[in-house]
Structures are given as C-alpha cells and as structure tokens.
1. Just report the Cα centroid separation between region 101-173 and region 234-283, whole Å.
2. Size of region 393-453 along its principal axes in angstrom, Cα-based, largest extent first?
3. Mind giving me the nanometre distance, one decimal, between the label points for Lys323 and Asn84, set 7 Å out from Cα along Cα→Cβ?
4. Packing-wise, with mean Cβ within 10 Å as the measure, how do 313-326, 181-194 rank, highest first?
5. How far apart, in nm, are two points set 7 Å out from the Cα along the Cα-to-Cβ line at Arg381 and at Arg198?
6. Using a Förster distance of 35 angstrom, determine the FRET efficiency expected from the C-beta separation of Asp410 and His125, and round it to 0.05.
7. Below 8 Å between Cα atoms, with a sequence gap of 6+, how large is the relative contact order for region 295-404 in percent?
8. Restricting the count to DSSP beta bridges whose residues both fall in the chain, what percent are antiparallel, rounded to a multiple of 5?
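Laboratory data are not the source of any read-out in this text; all were calculated from the coordinates shown. Since we're looking at a predicted model, the values are computed, not measured. Positions of Cβ are generated from backbone atoms using ideal geometry, with glycine treated the same way; all protein chains shown enter the neighbour counts.
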Amino acid sequence: MQQKQMQIYAFDMNCVGHINHGLWTHPRDRSLHYTDLDYWVDLARTAERGKLDGIFLADIVGVYDVYKGSPGPVIEAGAQIPVNDPLMPISAMAYATQNLGFGVTVNTTYEPPFLLARRMSTLDHLTKGRIGWNIVTGYLDSAARAMGFEQLPEHDQRYDAAEEYLEILYKLWEASWDDGAVVCDKSRAVFADPSKVRAVSHAGKYYRMEGIHLSQPSPQRTPLLFQAGASARGQDFAARHAECVFIATPSPQAAKPTVDVLRRKAELNGRGAEALRVLSLVTVVVGRTEKEAQGKLEDYRRHASVEASLAHYSASTGVDFSKYGPDDPIEQTSTNANQSALAAITKEASRPVTLRQITDQMVLGSRMKPIVGSPEQVADRLAEWVSQGGVDGFNLARTVAPESLRDFVDLVVPVLQERGLFKADYAEGPLRQKLFGGSGRLPSSHPAAAFRT
Ligand SMILES: Cc1cc2nc3c(=O)[nH]c(=O)nc-3n(C[C@H](O)[C@H](O)[C@H](O)COP(=O)(O)O)c2cc1C
C-alpha cells in the first residue's frame, strides 16, 4: 500500500519572536534581520530546497497586554511586537522560487472584504497561483481598541461575520469576471468584454457592498483556504470553508478527536473527509545523533523565555496567568479569546492543570514541547502523528532561525523521502493543484462554487 505523504510548511512570522520566545537572543539566531528581504528570500530558498509545501506566515493585529495587564513584558521580549505586514515579503520570496507555496494570515474583522479580495488576487497573480490565505477572526481586545472599537466582537459573532465576509469574497473571486472575459485583442483595441464582467452585491447583517472585482481572474481565483480556529464554532466554520486546517495539540492522541470531528463535519457539509487536510503545529530540534540533538536542546533552552511565553499564552486564552501561584489549578472559565487554547488546559484536560505544569512544558519558550532526536527518531515521531493522530502534515515552528529550518531540510527531509513519507519533488500547477490534484480551482463541492456564474 502506498504511504500517505505529509504536507510540511515552515511556520514563521514577520517579527523577531514568533512562538518559541527568547530564542532570538541565541548567538546564531538571525531573526533580528526580519526587516531585510534577504532574510525572507534565504528562508524561501531553503524551504524550496527541502521540497516543503510552503511557508506559512502567522500574523497578529494588536499587542499582548493581558499578562500583568500590560504590554510591557512582550515589548521587552520582542514577542510578536514589533510585527510587520505578512503579505509584503511574499512577492520577493515568490520571485526567488518556482514551486514553494505561501499561506498568509489575514484577519477578517478589521478590513473590508473588497480590498482584501484585490490584495489576495494580486498575490495569486504574482506568485503564479501559489498563494493561500489563513482566515482568522482575531482574539485581542487591544486590536479592537486600536481599530476604533470598544472591544472585540463576541466569539461566535466573529465567525458569523466571517461567513458573510467569505460570501462576498467568493462572489468577487469566482463570479465577477467570467473565464474568457479578458481578451487582450490589440487589433480591435478591446482589453476585456464588458458583457462578461459584472458587479456583485451583498446585503447582509454585517456587510453591504456592490462592486466589480478590481483584479482580473488569477490562476486559482480563490486562494487556497487555511483556517486555524478549533472551538466548536471554529470547527463548523473550518468544515464548511477550509481546505487546510491548522491545529495545535500536545500529542497525536490529543489531535485524533479534533481531526475526526473536522473530517466528519466536512462530510456532513457534502465535501468529503478528504477535502480537508489537517496540519499540526510542531517544534523539532534535530541533530545528526540523539546526543547532538539533546546538546542542541540544552544550548537553545538557556535562551528561552518562560515569561514571554506566559504573556503570549495569557493573550491567547484571555487569562492573566500572573495572578496564579505555581500550584494553583487554572480555573475553568469561558473566554472571548481563543476558546480552544483555554479548553486544552481546563475542561478538556484529564485533570486540573497548574501553572507549574504549564511552565514546565515551556522548554523552548512556548507551550509546545519540542520533538528532539536524531533524523530517524524525528521521522518516527512525525509518522506517529500521521498514523495515530490522523493529521496530514505539519507546520514547523522555528527555534533558532534559520538554523532550525536548515537542519530539518538537511537531516529530516531525506529520511522522510527515503521512507516514502514525503515527496521527492513538487507536482505541477498552482498550489491547490499541487496538494489536491484537479485544476487549481476550488472543487464543485466547495460552497464557493455555488456563486459561479
Ligand atoms: C493553531 C492556531 C494558530 C493560530 N494562528 C493565528 C494567527 O496567526 N493569527 C491570529 O490572529 N489568530 C490565530 N489563531 C486564532 C484563531 O484563528 C481564532 O481566531 C481563535 O483561535 C479563536 O477561535 P477558536 O476559539 O475557534 O479557537 C490561531 C489559532 C490556532 C488554534
């Protein structure tokens, strides 16, 4: 039987400290160069050398000010602040590569859909169909205040608004310009046929608009759709819209129920379980031998910041962890922030979790325990995630950058390829076609297809 091949992305962010906080202080770390295109182009070339499916860029609008009721701890630690626009480096990375895909996070809550539609279409043109969009709705009150609102809209309402937002985007991307609308006939001086171009409109609870999409059809039209919310409402949204879902669970066993629910919900939506690819967040520290990897871990962990990690986690969950003593159990509360992140340490945990148990896991400055070992051991663990957790692949969090990506590409990728667990080369066509086959356009089972003319 042919083995399932993993999808693998390099997970990054246009900032100094992404997930594994404090590691920018390591002497070999180069993430302080995030303001230079050279840094991003080098990263993209390394990822493509390793045949990675893409670079996945997180983003945040707002600052983490829940911990100690202040943004001070994250400003001091460079933890996702400052953070530059994630879309900007993509053109340069696309120019330097031929096959690498890009997943980019953009929040639906603070930007009119009409403008985002054009930015995504522009990138789909410039990348020759290699762009994906990670749809997020935000979880920070600080962002809402910065954008002129009193506070973040309520959790489920954010998803309701995002449903409408997507409907508008689908209309713009799939229905405003027909195939064949652009004729480019120099002899008749006709660029496009007006009878094949139309304004789309929407009048809903959250959005009203009417307009012709500003961009001509791009290779994929709708970018590949990623999503990263794991609450019940988030899963419903993912099962309807997403093609790749990003989850963060501590083990394959913990991932399995989420993966099963997502696939079942996708089936109920008439999309088929295979329409969804689930990617797990992992941190890998690999050496040529287990001993070398353990040595690297010890070296890295001397630079990790538990304080910055707690500040990040406080913002994600909406719980100020500075108010807890080391052995106090974390209370089961409801949150308007990231419900799945909080559930993971309260009601879904098999026993009450204490602050000490959380900080004990923050080996590298994040709440994800790293996979550490020789290339073969890392490959074994990743294979377990696929066989036991049912995931389709991984988003690799950086540790010491770009060393961690180079190590993965040089040491782990060849082992995965040898075992038939990872592709030897890229497939043809736009990103969606590389991952799912087909034409590069959304399949007819996707809700966007209903808006096609
Ligand atoms: C693994 C994972 C990664 C996420 N990455 C981002 C991100 O880069 N930017 C962002 O604003 N939100 C991010 N989120 C937040 C979600 O998109 C969502 O807004 C939040 O989790 C609340 O939804 P939930 O309660 O359904 O999980 C992420 C969530 C998860 C679970």
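1. Computed from Cα coordinates, the inter-centre distance equals 20 Å.
2. Extents along the principal axes, in whole Å: 48, 25, 16.
3. With each label placed 7 Å out from Cα toward Cβ, I get 3.8 nm.
4. 313-326, 181-194
5. About 5.4 nm separates the two model spin labels.
6. For Asp410 and His125, the calculated efficiency is 0.60.
7. Relative CO of region 295-404 lands at 26 percent.
8. Bridges in the chain are about 20 percent antiparallel.
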